[in-house]
Structure formats: C-alpha cells, structure tokens
1. With a 1.4 Å probe and every protein chain left in place, tell me how much accessible area SER161 has, in Å² to the nearest 10.
2. Relative to the first principal axis of the alpha-carbon coordinates of the chain, what is the inclination of helix 122-140, with its axis defined by its Cα atoms, in degrees from 0 to 90 and to the nearest 10?
3. Let me cross-check HIS211: its accessible surface, 1.4 Å probe, with only protein heavy atoms counted, in Å² to the nearest 10?
4. Wrap a convex hull around the Cα atoms of the chain, take a quarter of its surface area, and give that in square nanometres.
5. How would ASP90, ASP222 rank on accessible area, largest to smallest, probe 1.4 Å?
6. Over region 87-165, what relative contact order in percent results from Cα pairs under 8 Å that are six or more residues apart?
7. By a straight-distance test (C-alpha under 13 Å), which aspartates and glutamates pair with LYS56 as possible cross-link partners, with residues fewer than eight away in the same chain excluded?
8. Using only Cα atoms, find the angle between the long axis of helix 214-224 and the longest principal axis of the chain, and express it within 0 to 90 degrees, rounded to the nearest 10.
Amino acid sequence: MRTYGFKEDYYREASGKDVKFIRYEPEDKPQVETGTAEDGRLVLKITATDYILGKKLELDADLLALAAAVIPSATTKEIAGFFKVTLSPDGFFKEAHVKLRPVEFATDGVYLCGSAHYPKFMQETINQSYGAAGRVLTLLSHDTVIASGSVCEVDENKCISCGACITACTYGAIEFYETPHGRKAGLTRSSVKGTDFATPNAPPVLFFLKHFTDEELMSEIDAAISDEEIIGPMAAAAAA
C-alpha cells in the first residue's frame, strides 16, 4: 500500500485506530461470516491470507470496507490505436515523458489527464487537467502550426519484410504495402516523426532522415574542408 506525501499521516492515523489493511488476490478472496468475539460482541469473522507470513489469519471486525479497484476502461486499447498513442504495462495511457511532458502523448496534439493516466487523487486530477488545458490553449493560440520537415524516408529496395520496424514504431507510421517486388514497409506521411524509433530494430540503411542522407552529409563535409586540409595533417602525423 502506497500513501505518498502527507497522506502517509492518514495511513498512520488509521493504523493507530486498529484499522487493518488486507491485500488479496481474486482467486483467494477473504471469507466473511458472522460470529461472536471473546467479550461476547457480535462481530464479523474475516479469514484472509497474509502473503508475507504465508498463513491464513482470522480477524474480528466491526466493519468491513472493500476498496474498489481502479482499472483501465474496456475501450482504452481501441482508443489508443485510434489516436496512435501508447499504453503503460498496466493498460493506462502513457505520457510522452514523466517529467518533461507529463500531460502530452508522443503523438502531437493529443493530451491526457485524470484517471485515464493512472489512479490518482482528486486534487492531482484537477491539477493535471489545468496543465492539459494550458497546453491545448498554447496550441490553439497560434493561427498556424508549423510541422517539422525532418521526417524519415524508407528505401524499399533494402526492406526484407520482417516487420520489426512496424512493431517498434510508437507513432504507427509504418505499414506494409504491396509493391511489384512484394510486400514492403512504407510510411504514412501524416504520422511520421523523425527516425529514431526504427533504428534499434531495423537495418540503419533502411530508414534515413529526409535531407540528411549520408551522401548529403559527406558532401557538406567535403565542401567545408578541402582535401589539402585533411591530407596535410594526416601526412605530417604519419611522417612524425
């Protein structure tokens, strides 16, 4: 059980009043029945498993309160696919960066807040809602939105149709297309964002950043530095 911040005080206060917190698994639910305590009071006899001790415990309780689980909506996965956003291992929506972009997705123009992100207290939900609304207003305050021209291209001739890049792409920008040479990876232009997503799982020669090909970069280097400036120091070092 986690009670971060000053809410730890509430947990300590409850523990001091003999409130017991019991975690249980769905396949091993606590057993509850009425009974009589040693002093003759009518109580609830609760039998539950203590996972630390590995034993069954029997408790006499005056009141039993069940904390309802907070789980992702049944349509979360469908919505994530529609907007091309990612989910956490627990099935909740995942932010672009926990510190730098806590109310944004990696997909531009899509924002999140509240319990769709993960279970949180009401004040946290309100604060995050203000943050998401602020980011939306920042976007809507501009008459035009300028998109980056640094997007990747794919060399279909070098594609082996393994599908690794499709699995790795968090933007859902890569799909298979039928070509005269068979099924090849292709890009959905409106969803492309840079090229970093593919390089760990696809051959580096398959994807390249538009206007930043190896040939263009080498040409820039050749134009900036003459052969004499390169060969001269190398020859002097070799002679030494």
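The values are calculated or read from the model by the stated rules, or taken from the named source; none is laboratory data. This is a predicted model, so every value here is computed, not measured. Every residue, glycine among them, receives a Cβ derived from its backbone with ideal geometry; neighbour counts consider all protein chains shown. Note: accessible area is taken over every heavy atom of the protein model, side chains too, but ligands, DNA and RNA are not part of it. Shrake-Rupley method; radii C 1.70, N 1.55, O 1.52, S 1.80 Å.
1. 40 Å²
2. Once rounded, one gets 20 degrees.
3. We get 110 Å² for HIS211.
4. 26.2 nm²
5. Of ASP90, ASP222, the descending order of accessible area is ASP90, ASP222.
6. This gives 18 percent for region 87-165.
7. Result set, ordered by chain and number: ASP28.
8. Rounded to the nearest ten degrees, it is 60.
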